[in-house]
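Trainee: This is the structure I have questions about; it appears just below.
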Amino acid sequence: MSKQHFVNKDSIVKQIWGKSDTILFIFAGASAEFALNKAVDWLYFTGKLPKDPIGRLFTTVSYARQIVFSDKESAKHAIDTMTKIHSNVEAKRGYNIPDWAYRDVLFMLIDYSIRAYELLERKLTFKEREEVFNVLFNVGEGMNIKGLPKTFSEWETMRHNHLKENLEHSNYTQDLHKQYRKHLGFLRYYVLLETQKLLVPTEVYKLLSFKRKSILKPLVVVYKWSRYLQLDWIFKAMLLPPQYKTQIKSLDIANTRLAFK
């Protein structure tokens, strides 16, 4: 008897999380919003994000991929592991991460999964957007996150309210951007900022004081065609330092053994 998939075999979520460029764009957008979140101090408590933001990205991706491309039992184990990690951090600090902060992270993954795919591929249907929501809702339920929306439409309303209420430009915002620049270098940091402009909601755009549209926008079409010529690695190399070349390549599901068949 074959094991059941946590995510349906033909789900749009597997297409979104099965390509390195989409994943990199998801985290480019999320890195902008993370820096503004009022609960970003929790990431500073552990020290992991400011110390190694790129390594943190790949750690987060590894958990997400275990969930998306695994059977239900393995996915549940990955979710339980994430929950335990957060519980340990809460125990060390002496109080709990706010429920809204957990929801914010989940909401970011839903939103930027949709935004990144639509930027690089095509517009999603309402049903496909619901599928993205449903998969990540199941992850949130597995982590026992309180107060989750029950439908995609309800999520849209809550997402809008969270963007209004839970973001601010703080000292953490400035320091985190210093860390991004330190670990990426000036050129890659500049590319990161221009990529963020392509993805982030209006509220994030304003809080980061972005003054103009991204200069990369005209290049998106060129990039899409470059994938057919297998030249897309050039842009990926512009986003992350060369020592991460192997990790970037492994994000393409066709190049890994992570796919569950």
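Trainee: Could you go through segment 187-199 and let me know if any residue there is at negative phi, surrounded by fewer than 19 Cβ atoms within 10 Å (Cβ to Cβ) and part of a loop (DSSP other than H, G, I, E, B).
Mentor: No: segment 187-199 contains no residue that is at negative phi, surrounded by fewer than 19 Cβ atoms within 10 Å (Cβ to Cβ) and part of a loop (DSSP other than H, G, I, E, B).
Residue-by-condition table, conditions (1) more than 13 Å from the chain's Cα centre (by Cα); (2) assigned to a helix (DSSP H, G or I); (3) touching a residue at least 12 places away in the same chain (Cβ under 8 Å); (4) surrounded by 15 or more Cβ atoms within 10 Å (Cβ to Cβ):
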residue: Phe58; (1), (2), (3), (4): no, yes, yes, yes
residue: His77; (1), (2), (3), (4): yes, yes, no, no
residue: Ser87; (1), (2), (3), (4): yes, yes, no, no
residue: Ala101; (1), (2), (3), (4): yes, yes, yes, yes
residue: Asp104; (1), (2), (3), (4): no, yes, yes, yes
residue: Phe107; (1), (2), (3), (4): no, yes, yes, yes
residue: Tyr112; (1), (2), (3), (4): no, yes, yes, yes
residue: Ala116; (1), (2), (3), (4): no, yes, yes, yes
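Trainee: What number of residues within segment 207-225 satisfy the criterion of being within 24 Å of Ala35 (Cβ to Cβ), without any contact (Cβ under 8 Å) to a residue 40 or more places away in the chain and surrounded by 10 or more Cβ atoms within 10 Å (Cβ to Cβ)?
Mentor: 6
Trainee: Here is a list of conditions, (1) in a helix (DSSP H, G or I); (2) at pLDDT 95 or above, and Gly147 meets all of them except one; can you say which number that is?
Mentor: Gly147 satisfies every listed condition except (1).
Trainee: Report yes if some residue within segment 11-27 is more than 25 Å from Arg227 (Cα to Cα) and surrounded by 15 or more Cβ atoms within 10 Å (Cβ to Cβ); otherwise report no.
Mentor: Checking segment 11-27: not a single residue is more than 25 Å from Arg227 (Cα to Cα) and surrounded by 15 or more Cβ atoms within 10 Å (Cβ to Cβ).
Trainee: Looking at segment 29-43, which of the residues that are touching a helix residue (DSSP H, G or I) at 6+ places or on another chain (Cβ under 6 Å) and in a helix (DSSP H, G or I) is surrounded by the most Cβ atoms within 10 Å (Cβ to Cβ)?
Mentor: Filtering first and then ranking leaves Ala32.
The values are calculated or read from the model by the stated rules, or taken from the named source; none is laboratory data. Predicted, not measured: the structure shown is a model, and the values here were computed from it. As a convention, Cβ positions derive from the backbone with ideal geometry for all residues, glycine included, and neighbour counts pool all protein chains shown.
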